[in-house]
Amino acid sequence: MRKVVCPGSFDPITFGHLDIIARASSIFDEVVVAVLVNRTKKSLFTVEERIAMIREVTTVYPNVVVDSWSGLLVDYCKQNDIPIIVKGLRAITDFDYELQMSQINLQLQGVETLFMSTAPAHSFLSSSIVKEVGSYGGDVSSYVPPLLLERLKTRLALNMNQQS
Ligand code: PNS
């Protein structure tokens, strides 16, 4: 049974994340999408909201499950018998940080990281850029699944009102 984890903040999940999850699900027996709680990052959506959104947009993949974790990713992997982390690499700018993370994860608990190259259509995409564009009223419909679009717009508007 080849079980892998796709970790991330997913605040919110984008077509870039979804592409990696879908491709991983076609290769491995089970893909766990793990929403990692990052105490230093201010998030737009709660962990519960992010989990619900990911579940909604991954229902078409029967071997994808969604979970959350607060702590080291490798501890989650050990606790859940997951030997492999799958991550998307967008560009060379991702590489230094991702390499460092993969090496520390290997050193800490022997957990391997496999990188999948992001589809060129999504190579510029990140949750942060989606939030930035959306917060100024830009069209983000090509970046996040249609099911999430209204929720994203509403939350960004609420955020802008609270800040002003
Ligand atoms: O979507 P993101 O924010 O780029 O994802 C980064 C994430 C959550 C995968 C990464 O920060 C992570 O693994 N955090 C958990 C803490 C951890 O294990 N850090 C690595 C060793 S210091």
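Below is a table of values for the structure above.
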quantity	calculated
Checking VAL35 against (1) within 10 Å of the ligand (Cβ to nearest atom); (2) touching a residue at least 12 places away in the same chain (Cβ under 8 Å); (3) not in a strand (DSSP E or B), the condition it does not meet	(3)
Residue match in the stretch 112-124 (condition: more than 15 Å from PHE15 (Cβ to Cβ), buried (at least 16 other Cβ atoms within 10 Å of the Cβ) and within 16 Å of the ligand (Cβ to nearest atom))	yes
Options ARG55, ARG90: the member that is closer than 18 Å to ALA22 by Cβ and at pLDDT below 95	ARG90
Tabulated pairs, the stretch 1-23, first of a type in the set (Ser, Thr, Tyr), second in a loop (DSSP other than H, G, I, E, B), C-beta under 8 angstrom, 6+ apart or interchain	SER9/ASN38; SER9/LYS41; SER9/SER43; THR14/LEU125; THR14/SER126; THR14/TYR143; THR14/VAL144
Test: residue in the stretch 62-82 that is more than 10 Å from the ligand (Cβ to nearest atom) and in contact with a His (Cβ under 7 Å, 6 or more places away or on another chain)	no
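The values are calculated or read from the model by the stated rules, or taken from the named source; none is laboratory data. No experiment lies behind these values; they were computed from the predicted model shown. Cβ coordinates were reconstructed from backbone atoms using ideal geometry, including for glycine residues, and neighbour counts include every protein chain displayed.
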